[in-house]
Amino acid sequence: MGSPVHRVSLGDTWSTQVHPDIESERYIQSFNVERLINILDGGAQNTALRRKVESIIHSDPEFSLKDNYFMTQNERYEAAVKRKCHLQTIAKRQGWSEGSPELYYSYRTLSGDLAFSIHTVFLKSLKSLGSEEQIAKWAPLCNDFQIIATYAQTELGHGTYLQGLETEATYDAATQEFVVHSPTMTATKWWPGDLGRSATHALVQAQLICSGARQGMHAFIVPIRSLQDHTPLPGVTVGDIGPKMGFHHIDHGFLRLDHVRIPRENMLSRFAQVLPDGTYLKVGSLQINYLSMVVMRVDLLLGEIIPMLQKACVIAIRYSVIRHQSSLRPSGPEVKILDYQTQQHKLLPQLATVYAFHFLASNLLKFFHSSYSAILNRDFSHLPELHALSAGIKAMVSDLCLQGTELCRRACGGHGYSKLSGLPSLVSRVTASCTYEGENTVLYLQTARFLVKNYLQAHGSLGSTSQIFLPKSIAYLTTPYQARCPAQKAADFLHAKLYTAAWAHVAARLIKDSAHHLQTLMQSGADWDEAWNQSTVLHLQAAKAHCYYISVKNFTETLDKLENEPAIQQVLKRLCDLYALHSILTNSGDFLHDGFLSGTQVDAVRTAYLNLLLLIRKDAILLTDAFDFTDHCLNSALGCYDGNVYERLFHWAQRSPTNTQGNPAYEKYIKPLLQSWRSKL
Amino acid sequence: MNQDLRREREAASFNPELLTHVLDGSPENTRRRREIENLILNDPDFQHEDLNFLTRSQRYEVAVRKSANMVKKMRDFGIADPEEIMWFKKVHLVNFVEPVGLNYSMFIPTLLNQGTTAQQEKWLLSSKGLQIIGTYAQTEMGHGTHLRGLETTATYDPETQEFILNSPTVTSIKWWPGGLGKTSNHAIVLAQLITKGKCYGLHAFIVPIREIGTHKPLPGITVGDIGPKFGYDEMDNGYLKMDNYRIPRENMLMKYAQVKPDGTYVKPVSNKLTYGTMVFVRSFLVGEAARSLSKACTIAIRYSAVRHQSEIKPGEPEPQILDFQTQQYKLFPLLATAYAFQFVGAYMKETYHRINEDIGHGDLSELPELHALTAGLKAFTSWTTNAAIEACRMACGGHGYSHCSGLPNIYVTFTPTCTFEGENTVMMLQTARFLMKSYDQVHSGKLVCGMVSYLNDLPTQRIQPQQVAVWPTVVDIDSPDSLTEAYKLRAARLVEIAAKNLQNEVIRRESKEVAWNLTSVDLVRASEAHCHYVVVKLFSEKLLKIQDKSIHTVLRNLCLLYCLYGISQKAGDFLQGSIMTESQITQVNQRIKELLTAVRPDAVALVDAFDFKDVTLGSVLGRYDGNVYEHLFEWAKKSPLNKAEVHESYYKHLKPLQSKL
């Protein structure tokens, strides 16, 4: 056995030593892992703070996640409520306030296995859509958990398309109340987290009807459960929507409202309000309703979606240096499966992708913060770009994180199918992100709409480029680009400028094609909407290419800023190259299509790509260590820091209730089945 | 019935019943299958409870009860034909997951393939009647697909004429076998045979593991369940550790290799025959991929006809989501794939039976190709299906994530197919090995036959992988035959590139194995292209056998869609190989959109033709009558969290918290 473990580990008897197969991977360090951890955390002080929170949480047995895999839905829910309540008590003692980094790190440390997560979403919506008086009234109640709130938008029959929602809020000027009502079965609110069993209040999105006119979607605070005994209030039917693929700890709920009356003050009124006499006043853009969704999407990236793929990479790559299979020479020893080219080809692009996404989401967050304060002050100029960027990036990140997480799971062979690997839970959780907070196809199309509209504006209907101002992220649409890629050999493809330009070329071409296709259809008589639907497959491809371009460009720009960290810059540069080249190869048809790349060049890309796999292979374990997840947080028998995979797997399996409890099926069914055999003996 | 679905069915251009006959193989097969299904549906003993609301232990118990009940019923009904047994299980078990399943799928076939007549006499009858319950224990905790790496040992002791079985390390513990954890009392164990101090490699042994009468593990045996998994909740996948555990000499399966009483080892005549079971299981899995994907398509397409959302034109009512081009683009290529795999599955079954007869007559000539083809097609169809089921699930939006949709269950039940019975990448590389061998054979002047015969043309075509080659054909994108040719050229080109790259590496590297490893990404690509060609070829050949004109038209559209969609996804390969031009790729993309429109009116009828009973689908979204929302609400009310109006955690945790803060 190797050297002692110096990281937070699970304290099993065998985990005092690191497995030599993983220790040897850490022996030569081409870069300082701790520095990379600091960079990913956004500064050494954040790393220190995060680790402090982790040690508080891990030293408290109340927070243990180890029995999660053996629990029923009911038990998981109760455990999550218990943990959340316990965390709140500790937060109070430690002085961690709502929205503080400490609570953010607690959430990360506990893998979000906490109840009342939508409570925070409610608070954020309140702060972006509520007036100052409303915030002053409701925020303290939330912060002290005097109320538990959720956000209820989706309905049984209606999802991403906001205008289709059926729930109604009709203003009654006589009593100065709104009457909130679910007119049909399909209007039943469906899916909101914490709604099923926990929430006392819901922020309900409903069609506002006042003075006989429909004014579209608005948000209303509706009390749904008694603050005395937690029973549903009159007119309220509420419950849990039943078992799901993942999120077993959350009570996603349904809600039917039967003419429930709420005071006029319960409509959130930063951007629109109803006066006592029923007059409707509006002070915002049409898109303002999307603001809460933009807030949520941006938060989700770093808080929820990207860590899933990070963890999957940690587990699969660590396991791949412990697992041995076959040999590379006759009668030679079995080799680590990470030394197989096919295994590298599966895992290393995922590692590169998750680094790309980390930097992409961090920069989107910065852009968001700079635009957000302006929006709250009713300057909406950045909103369309912010909306388009956040929609497309959410769709791309969740799509590829799901694919990557599932790939990592399958790359662990049979053991990846065991819940004890931690991977099934990651997959079934990240997959939800492809449909929640905006179904991905719909989101890509929103981005495409922004791209196509701007393209048409910039190029005019006659195709002449007029000098209009395009938002920064799409400025490349008016930049003249090369018709052929100048690369001559494999090494040329390791230049950031070259592959960024290649993606710009493809994205611009696909956006152009999609805009032209739309125009052609309209010229042949179709109206805009019909033409739009008939070109959506093209729009989808254009939006995806645009997102690739943004992510590649962002990664290269991030690297430029790391010039004081040459060793880290070098290792991240390889990941950036791999990410870019892998994306070119998986979409090679788009690059070959107009002859931008020749067949020979595509072969050169492939050569460069395969060479990179070998280089990154050497640093693979260190690059996963840099995510700095504790073993408690990973909760994986395959992915622990010490590499003692098999002992842990055997030990954990024995704790399964199927082994610790009796087997009633034997007495009831198996024994009678075997009876005839005994009589013959 | 839901109005939307009624309209869809009335508007279909063909009679789905006729297509069902095609899928079943004949009207007679359809009739008999339904007869069997009705036996179950009309049987008062048959209760279908919703497993989604049960704990894992409860689900295991239900599955054991059903298994026991099923054995009895099949005997009562006189169902013995393997095909009919499968139909029976399809409805009875819904997911085919049964703790005693391995007894039939692995224990008995292995006994038949590898046991002597005497051994078959001793074990077969009692295992067929489930008087003993067997399983098949091959995989170990540290070793999977690579058989030679297994560590379990069986050492012969001539003194007592016994084998001594041992699990020498943690990694050698048998891990994963179905039914091993709690149910079985016997296992066929694969172990390294050691006799007279020498190791002779892997052999199969029948090992009693639990005591008859008490079901307790026998002394020297440690056995249990490996814990919760992604799916297969009903299955007790198990572990098995053996410590100096003795079994009689007669328990080694000795049809081929033998150990004499004095410990002398007698070699088998041919080792190819042990492939038999694997080939059978893998060809069965191809059909399983088709069935799982067909189920997923049925659910997603019916739901997409019922669900309305958003608007195409402002002011008009919300359209069915199936009218959105993006939804059609998500689902119809998958529907076409489901049909393609149905036909491939049927072909694999026929071929297996045919070659099995040859083997019976001592003719092993086709076995290597069949082995290579089943390995590759198992990987190809399961990878595709895996992604396709997920795509169907996500096409149902949020509701697809709920267990009420049935889709998560189909997914988690299907996805292990990618790793079990041979991990897919390893399978692809086995196919590649065969392709490389055939390639070498052609280059040494010998012709090859079967599905790889296209390699015979390579030397005359002088394909230069990186230059524009002159292809013998011009692709007609409206002809399945011509498209099959295009796929053939792609396969030939990628096989050639892989072969050349391999040769280059062999020159540069220290060993063939290292060279193989450094070419393996190319090799997998070549195998995929080969399998893709085989699927396209089988689909277009199937069209020739369709008599009915309306059925032919609709299947031809699906076949074209399958071919063209594949080209569009792999456009790089077709462009780089100069198999198609840029303008042809543009035409392909345009034609795909036309085909989506052509398939649209028949989409619901096309999934109806799969003829799944609602019970088998296990989906609220995929109900035949389309009454989705009402049943969704009823289903949710049954959730365990809804048992009490106020959940107990309110009193335990929430109330105390509110008073504390």
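Every number here is computed from the coordinates shown, using simple stated rules; none is lab data. Model, not experiment: these values are computed from the prediction. Here the Cβ positions follow ideal geometry from the backbone for every residue, glycine too, while neighbour counts run over all protein chains shown.
Annotations for the structure displayed:
- Estimated distance in nm for a label pair at A:D603 and B:K122, the labels positioned 7 Å out from Cα along Cα-to-Cβ: 6.1 nm
- Per-residue ³J(HN,Hα) for segment B:323-339, Karplus 6.51 cos²θ - 1.76 cosθ + 1.60, θ = phi - 60°, Hz, x for Gly and Pro: 8, 7, 4, 5, 5, 4, 5, 6, 9, 5, x, 6, 4, 4, 5, 4, 5
- Distance from segment A:290-314 to segment A:435-457 (C-alpha centre basis), Å: 19 Å
- Three-way shape label, segment A:20-120, alpha-carbon gyration tensor, a/c 1.5: oblate
- Close amide H partners of B:T152, meaning residues 5 or more places away or on another chain with modelled amide H under 5 Å apart, are B:Q192.
- Counted by Cβ distance under 14 Å from A:H459, the other residues give a net charge of +2, where Lys and Arg count +1 and Asp and Glu count -1.
- Cβ-Cβ FRET estimate between A:E34 and A:L227, R0 fixed at 45 Å, reported to 0.05: 0.40
- Ranked for footprinting exposure by Cβ neighbours inside 10 Å, fewest first, B:M74, B:M348 give B:M74, B:M348.
- As a calculated quantity, the FRET efficiency between B:V506 and A:Q488 at R0 = 30 Å, using C-beta atoms, amounts to about 0.65.
- Counting all C-alpha pairs of chain B, share separated by more than 46 Å (%): 24 percent
- Computed from the alpha carbon positions, the gyration tensor of segment B:102-268 leads to an equivalent ellipsoid with semi-axes of 24, 18, 15 Å, biggest first.
- With a cut-off of 15 Å on the backbone N, the residues of segment A:153-172 near the modelled label site 7 Å out from A:T184 along Cα-Cβ are A:155-159, A:161-168.
- Within the shell of other residues whose beta carbon sits under 12 angstrom from the beta carbon of A:P330, the net charge comes to +1, with Lys and Arg scored +1 and Asp and Glu -1.
- Karplus 3J(HN,Hα) series, Hz, for segment A:327-333 with 6.51 cos²θ - 1.76 cosθ + 1.60 (x for Gly, Pro): 9, 9, 9, x, 6, x, x
- Cα→Cβ-extended label distance, 7 Å offset, between A:A567 and B:H443, nm: 4.5 nm
- Peptide B:512-522 shows a mean partner chain C-beta count of 5 within 10 Å per residue C-beta.
- Percentage relative contact order, segment A:420-565, counting C-alpha pairs under 8 Å, at least six apart: 27 percent
- Spin-label pair B:Q590/A:Y481, simplified geometry with 7 Å Cα→Cβ offset, distance in nm: 2.3 nm
- For chain A, averaging the sequence separation of C-alpha pairs within contact (under 8 Å, six or more residues apart) and dividing by the residue count gives a relative contact order of 16 percent.
- Under 5 Å from the amide H of B:A137 lie the amide H atoms of B:I188, B:V189, B:L190, each residue being 5 or more positions distant or on a separate chain, with H modelled from the backbone and absent for Pro and chain starts.
- Antiparallel bridge percentage (DSSP; both residues within the protein assembly as shown; nearest 5): 85 percent
- Mean per-residue shielding of peptide B:590-596 is 1, counting Cβ atoms of other chains within 10 Å of each Cβ.
- Sequence ranges A:617-629, B:367-379, B:212-224, ranked by mean other-Cβ count within 10 angstrom, highest first: B:367-379, A:617-629, B:212-224
- Across segment B:411-424, coupling constants 3J(HN,Hα) worked out from phi with the 6.51/-1.76/1.60 Karplus curve, θ = phi - 60°, read 5, 5, 6, 7, 4, x, 4, 5, 10, 8, 6, x, 4, 4 Hz, and Gly and Pro carry x.
- When each of the peptides A:650-660, B:200-210 is scored by the mean number of other C-beta atoms lying within 10 Å of its residues, the order from highest to lowest reads B:200-210, A:650-660.
- Whether the protein assembly as shown is rounded, prolate or oblate, judged on the alpha carbon gyration tensor where a/c under 1.5 counts as rounded: rounded
- Of the peptides A:520-528, A:126-134, the ranking by mean beta-carbon count within 10 Å, highest at the top, reads A:126-134, A:520-528.
- Segment A:589-681: relative contact order as a whole-number percent, Cα under 8 Å and 6+ apart: 9 percent
- Ellipsoid semi-axes for segment B:296-360, based on the Cα gyration tensor and the rule √(5λ), read 42, 9, 5 Å when sorted largest first.
- Per residue of peptide B:55-66, the mean number of Cβ atoms on other chains within 10 Å of the residue Cβ is 4.
- Alpha-carbon centroids, segment B:1-46 and segment A:595-613: separation in whole Å: 51 Å
- Segment A:336-391-segment A:39-107 distance, computed between alpha-carbon centres (Å): 25 Å
- In terms of other Cβ atoms within 10 Å, B:I546, A:I315, B:I173 run from fewest to most in the order B:I546, B:I173, A:I315.
- Shape of segment B:37-147, Cα gyration tensor, a/c cut at 1.5: oblate
- Exposure proxy order (Cβ contacts within 10 Å, fewest to most) of A:M217, B:M242, B:M278: B:M278, A:M217, B:M242
- With a Förster radius of 60 Å applied to the C-beta separation of B:R600 and B:K267, the computed FRET efficiency comes to 0.45.
- Other residues lying with their Cβ under 14 Å from the Cβ of B:I221 contribute a combined charge of +4, Lys and Arg counting +1, Asp and Glu -1.
- Helix-only [θ]222 nm of chain B, DSSP H runs n ≥ 4, -39500 (n - 2.57) each, per residue, nearest 500: -17000 deg cm²/dmol
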